[in-house]
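The values are calculated or read from the model by the stated rules, or taken from the named source; none is laboratory data. Note that the structure is predicted; figures quoted are calculated from it, not measured. Because the Cβ atoms are built from the backbone with ideal geometry, glycine has one as well, and the counts that use them run over all protein chains shown.
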Amino acid sequence: MGNFSQKVDKFIEIFIAQNGYVKVIEGLKNTMLIAVLGLIIGIIIGTLIATVRVIPKYKVLPRILNGFCSFYVGLFRGTPMVVQLLVVYYVLLPIFGMKMTGVQVAVMVFGLNSGAYISEIMRSGILSVDHGQMEAGRAVGLSFGTTMMKIVIPQAVKNILPTLGNEFIALIKETSVVSFVGAADLYVAFNYIGSNSYEFMVPYLVMAMIYIVIVLVISAAIKIMERSLRKSDRRH
Amino acid sequence: MIDVINLKKKFGDNEILRGIDITIEKGDIVVVIGPSGSGKSTFLRCLNCMEDPTSGQIIFKGTDIADMKVDINEHRRHMGMVFQHFNLFNNKTVIENIMLAPVILQTKDLKKGRIKGTTKKQIKEEARENALKLLKRIGLEDKADVYPSTLSGGQKQRVAIVRALAMNPDVILFDEPTSALDPEMVGEVLDLMKELAKEGMTMVIVTHEMGFAKEVANKVIFIDEGKILESGTPKEFFGNPQNERLKEFLSKVLV
């Protein structure tokens, strides 16, 4: 294993002496930024779409909105994330003459993409809440939207929290493709260290460990959140 | 207070209500009975447009609320509803259940300038005070901060009734309020309803509690196959029923 310890030494040297850690911190920051902002945008978009999809459809406007939402979900679920990144960065931005950084594009695409997935998760969550909850809200004179926001969606979120957690974990892992549009994430950082030392074994091993630690921490956080949200179910 | 004129309701091709006419005056206690599937619950749910009537009119304080152009939320504030399965908001504590609608709706009124001389904070405090008073009335003030899942069925239904009361409604609609309760809890709910009746609350009640109908109602109606087949005071209704189907129904339920 003398060989391996040499590799470790080389990694440590570049990591510390040649400021490799700065790149890693930067990469970690971007990875988390893209995943967290993507999730937040995704939850907002997903909740809106899910709400539109459960509105009773007697009238024309809900029907049109519903058609648009189906199209949106189909579009984003029907293409790989990498393709969406490339299309936005290399096709849409030049066409519209807009300038955005790789990270900005990544946040946007991750938000739009997870919005499509979360809308389906949220819809199943909303459908899992007893219809009587909506009726009770409407019966006291609250509007559909208010009842949805104050009563139904909080209960739906509680029901789908584990699934939402999975979506977040999936997002974090998928950020490893954002280097396609020039965003410097964890992969880019460790790739830099590897290229500078011509030695990839240790950097990629450390990268894998960092991903695992992030996911474990998030899983634990979700468990704690779930427990506190479940307090309304407790009997004593 | 409520005039129902030729109310019809279809679900697809299935005609549930085939033309209901009834007038409900202020202070009336109307009990609706009928076999299951007769349309009595649908009738009640049409009164506050929980189900949109297919045709006909429901004139509530001078406005036809069956008209789809009417802002139904505005009118529902004045019509409380109590459900068979209580439908307390599971994500809210008992006191929040009672305060929620008054606070939200009055705050909205304040923003729109429909009420003046108060603040959001005051509205909340008043709603809280009122909710505590209501909870005290039903002897559940110690349950104010627990979630509904910890209450018994009877307690849930009494909270649901005071939740409706918190809006100061002109009328309360009861959709089989005791049908989902264990027998020993029926009494406490009916007692509360009797109290409301004594205080002059207008009530429309779909129920299978014939004893309650006899004692409290001033008008009993029998619905079957989507029509009112008989209506009258409890004395006439139970003492001297005319309609054949009502006689048959009563012979089955009054044993």
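Figures for the structure shown
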| item | result |
| --- | --- |
| Output for the range B:131-145, where each listed residue is over 20 Å from B:Phe174 (Cα atoms) and either away from chain A (no Cβ under 14 Å) or in contact with a strand residue (DSSP E or B) (Cβ under 9 Å, 6 or more places away or on another chain) (or both) | B:Leu132, B:Lys133, B:Lys136, B:Gly139, B:Leu140, B:Glu141, B:Ala144 |
| Every residue from the range B:169-183 that is touching a residue at least 12 places away in the same chain (Cβ under 8 Å) and either of a type outside the set (Gly, Ala, Ser) or touching an Asp or Glu at 6+ places or on another chain (Cβ under 7 Å) (or both) | B:Pro169, B:Asp170, B:Val171, B:Ile172, B:Leu173, B:Phe174, B:Asp175, B:Glu176, B:Pro177, B:Thr178, B:Leu181, B:Asp182 |
| Residue match in the range A:210-218 (condition: over 30 Å from B:Ala164 (Cβ atoms), within 14 Å of chain B (Cβ to nearest Cβ) and of a type outside the set (Gly, Ala, Ser)) | no |
| Qualifying residue in the range B:226-235 (condition: more than 21 Å from B:Ile138 (Cα to Cα), in contact with a helix residue (DSSP H, G or I) (Cβ under 6 Å, 6 or more places away or on another chain), of a type in the set (Asp, Glu) and without any contact (Cβ under 8 Å) to a residue 40 or more places away in the chain) | yes |
| Residue in the range B:79-108 that is nearest to the chain's Cα centre (by Cα), counting only those that are over 19 Å from B:Arg158 (Cβ atoms) and more than 7 Å from chain A (Cβ to nearest Cβ) | B:Met79 |
| Counted residues, the range B:146-159 - those being facing chain A (nearest Cβ under 8 Å) and touching a strand residue (DSSP E or B) at 6+ places or on another chain (Cβ under 9 Å) | 0 |
| Conditions (1) modelled with pLDDT of 95 or more; (2) closer than 22 Å to B:Val189 by Cα; number of the one not met by B:Gly34 | (1) |
| Single residue of A:Ile41, A:Ile25 found to be at pLDDT 95 or above and assigned to a helix (DSSP H, G or I) | A:Ile41 |
| Flag if B:Ala180 is surrounded by fewer than 21 Cβ atoms within 10 Å (Cβ to Cβ), under 29 Å from A:Asp233 (Cα atoms) and within 14 Å of chain A (Cβ to nearest Cβ) | yes |
| Subset of the range B:33-65 (residues that are assigned to a loop (DSSP other than H, G, I, E, B), free of Cβ contacts under 8 Å to residues at least 60 places away in the same chain and farther than 22 Å from B:Pro241 by Cα) | B:Cys49, B:Met50, B:Glu51, B:Asp52, B:Pro53, B:Thr54, B:Gly62, B:Ile65 |
| Breaking point among (1) at pLDDT 95 or above; (2) under 15 Å from the mean Cα position of the chain (by Cα); (3) more than 23 Å from B:Lys40 (Cα to Cα), for B:Ile172 | (3) |
| Residue satisfying all of: in the range A:192-209; surrounded by 13 or more Cβ atoms within 10 Å (Cβ to Cβ) and not in a helix (DSSP H, G or I); nearest to the other protein chains (Cβ to nearest Cβ) among these | A:Phe200 |
| Members of the range A:91-102 found to be farther than 13 Å from A:Val177 by Cβ and in contact (Cβ under 8 Å) with a residue 60 or more places away in the chain, listed by number | A:Thr101 |
| Any hit, the range A:56-78, residues being of a type outside the set (Gly, Ala, Ser), in contact (Cβ under 8 Å) with a residue 60 or more places away in the chain and within 24 Å of A:Lys173 (Cβ to Cβ) | no |
| The range A:159-191: number of residues that are surrounded by 21 or more Cβ atoms within 10 Å (Cβ to Cβ), of a type outside the set (Val, Ile, Thr) and part of a helix (DSSP H, G or I) | 6 |
| Condition met for A:Phe110 (touching a residue at least 24 places away in the same chain (Cβ under 8 Å), within 14 Å of chain B (Cβ to nearest Cβ) and not polar (S, T, N, Q)) | no |
| Any hit, the range A:157-178, residues being without any contact (Cβ under 8 Å) to a residue 24 or more places away in the chain and either in contact with a Gly (Cβ under 8 Å, 6 or more places away or on another chain) or within 14 Å of chain B (Cβ to nearest Cβ) (or both) | no |
| Pairs where the first residue, in the range A:129-142, is more than 7 Å from chain B (Cβ to nearest Cβ) and farther than 14 Å from B:Ala160 by Cα and the second is crowded, with 20+ Cβ neighbours inside 10 Å and of a type in the set (Gly, Ala, Ser), C-beta under 7 Å, 6+ apart | A:Val129/A:Ala156 |
| Hey, A:Met201 more than 19 Å from A:Ile40 (Cβ to Cβ) and touching a residue at least 12 places away in the same chain (Cβ under 8 Å) or not | yes |
| Lone qualifier among A:Val152, A:Val157 - being modelled with pLDDT of 95 or more, out of contact with any strand residue (DSSP E or B) (no Cβ under 6 Å at 6 or more places or on another chain), under 30 Å from A:Pro62 (Cα atoms) and hydrophobic (A, V, I, L, M, F, W, C) | A:Val152 |
| Elements of type helices (runs of 4 or more DSSP H) contained in the range B:138-255, each with 2 or more residues being hydroxyl-bearing (Ser, Thr, Tyr) and touching a Lys or Arg at 6+ places or on another chain (Cβ under 8 Å) | none |
| Residue match in the range B:69-78 (condition: more than 8 Å from every other protein chain (Cβ to nearest Cβ) and crowded, with 23+ Cβ neighbours inside 10 Å) | no |
| Tally of residues being of a type in the set (Ser, Thr, Tyr) and touching a helix residue (DSSP H, G or I) at 6+ places or on another chain (Cβ under 7 Å) across the range B:173-198 | 1 |
